[in-house]
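Worksheet for the structure shown next.
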Amino acid sequence: MRPSPSRRAFAKALLAASALAPLTATHAAAAYATPSDRHGDGGHPSGGLDPELAARLDAAVADVRQQAGIPGAVVGLWMPGRGSYVRATGVADTTTGRPMSTDVFVRIGSETKTFTVTALLELVDDRRIRLDDPISAYVHGVPDGRHITLRQLAGMRSGLFPYTADPDFAKALESDPSRSFTPREVLAYGFKNENTFAPGAQFQYSNTNLVLLGLVIERVSGRGLADFIRQRVLRPARLRHTLFPAGAEFPEPHPRGYTNQTLSGQVQDATDWNPSWAWAAGAMISDLHDLRHWAEVVATGALLRPETQRERLTTLPTGFPGTSYGLGIFETGGWIGHNGSIPGYETVTVYLPSQRATLVIMINTDISVQGQEPSTLLARAITEIATPDNVYDGAVPPR
């Protein structure tokens, strides 16, 4: 990852990016036609929240957006008995000035992991796989694969080199962001490097792990990963506005997304970059409505046997203060869920069991600020005000 630009440099770069001609998006099916089709009431109005608390949240969101240079943000906070807070602020497009709105679709990056691991755990419930099976039983050619288990892959403790950290991969992606990668192609970038530690010895966030689990799901189910997730996860969870794209397709409406993960380090519009390189680790798309619902489903294990959910929520230290990681899910400050980052977009979707509260954040930049993900800065500021006993203290690096 490159160091973040200063606020002034970022502002100049963002203005330069705004001069780019909007790219042509490949649209998904017309089922996503209008906000009223999707949300019934045309949006997600706030309700019942103390006006003083809402004003403090407004000020905090505005301050973080200004300090971090976030073009646009959608924030949803639902607290039973206290009310809800739903806001869209800033712009969805720096060229046209189109305002951000609550009905947009966004690329959810590493939140895809919660869907992939849920699919894997459903196969555990089906007794078709076991978490302590070695990956070599399903995928050939994995370095030290006989000693790396599915559990270690899902818990980020395999020791396999993250393919996204390979310089050749970064150059290939940034040279042609429209390129389509296969799972085997991205794995090859990781496998040419030495494993970083013995299986189970420590935590290291690695997309290599999730791509392998995607291949396991396909091998065992006999179906494509996107199809299996659609049938076994999205449909029973009633997530009608969440999809696993085959390429760069992106349903309307969506904000433009801005990144500095480029060969030059300058800010570019990454809206229509092909997310195939992230596949089972980060390619999916969703919206505020579905992420709100998914936060509770995944945190409470609604699609899994109770004993399987307990396995999922058995978290171990990550080395990042205040954050522990289970099987494709983390816990920070009592909040359970995942964050996501992919060039142009970041998200946070978490659930607080003690208050049955849900927080969803969607922004249209992934540019770090002093080493901090901007979505993390927003989540921390919001929870410091709304749930001071349960502050979202940090997250694992989502790439």
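The values are calculated or read from the model by the stated rules, or taken from the named source; none is laboratory data. Note that the structure is a prediction, hence the values are computed from the model and not measured. All Cβ positions, even for glycine, are placed from backbone atoms using ideal geometry, and neighbour counts span all protein chains on display.
Scanning the range 92-129 for residues that are out of contact with any strand residue (DSSP E or B) (no Cβ under 9 Å at 6 or more places or on another chain) and either acidic (Asp, Glu) or farther than 18 Å from Ser206 by Cα (or both) gives Thr96, Ala119, Leu121, Glu122, Leu123, Val124, Asp125, Asp126, Arg127, Arg128, Ile129.
Filtering Pro353, Pro306, Pro317 for residues that are without any contact (Cβ under 8 Å) to a residue 24 or more places away in the chain and either surrounded by fewer than 21 Cβ atoms within 10 Å (Cβ to Cβ) or basic (Lys, Arg) (or both) leaves a single hit, Pro306. None of Val396, Val369 is among the aliphatic types (A, V, I, L, M), modelled with pLDDT under 95, over 20 Å from Gly282 (Cα atoms) and surrounded by fewer than 24 Cβ atoms within 10 Å (Cβ to Cβ) except Val369. With respect to the conditions (1) under 24 Å from Ala154 (Cβ atoms); (2) at pLDDT 95 or above, Gly344 lacks only one, and its number is (1). Which residues, counting only those in the range 259-295, are of a type in the set (A, V, I, L, M), outside any loop (DSSP other than H, G, I, E, B) and more than 19 Å from Asp166 (Cβ to Cβ)? Across the range 259-295, the qualifying residues are Ile285, Leu288, Leu291, Ala295.
Is it true that some residue in the range 105-123 is more than 30 Å from Arg219 (Cα to Cα), of a type in the set (Asp, Glu) and within 19 Å of the chain's Cα centre (by Cα)? Within the range 105-123, not a single residue is more than 30 Å from Arg219 (Cα to Cα), of a type in the set (Asp, Glu) and within 19 Å of the chain's Cα centre (by Cα).
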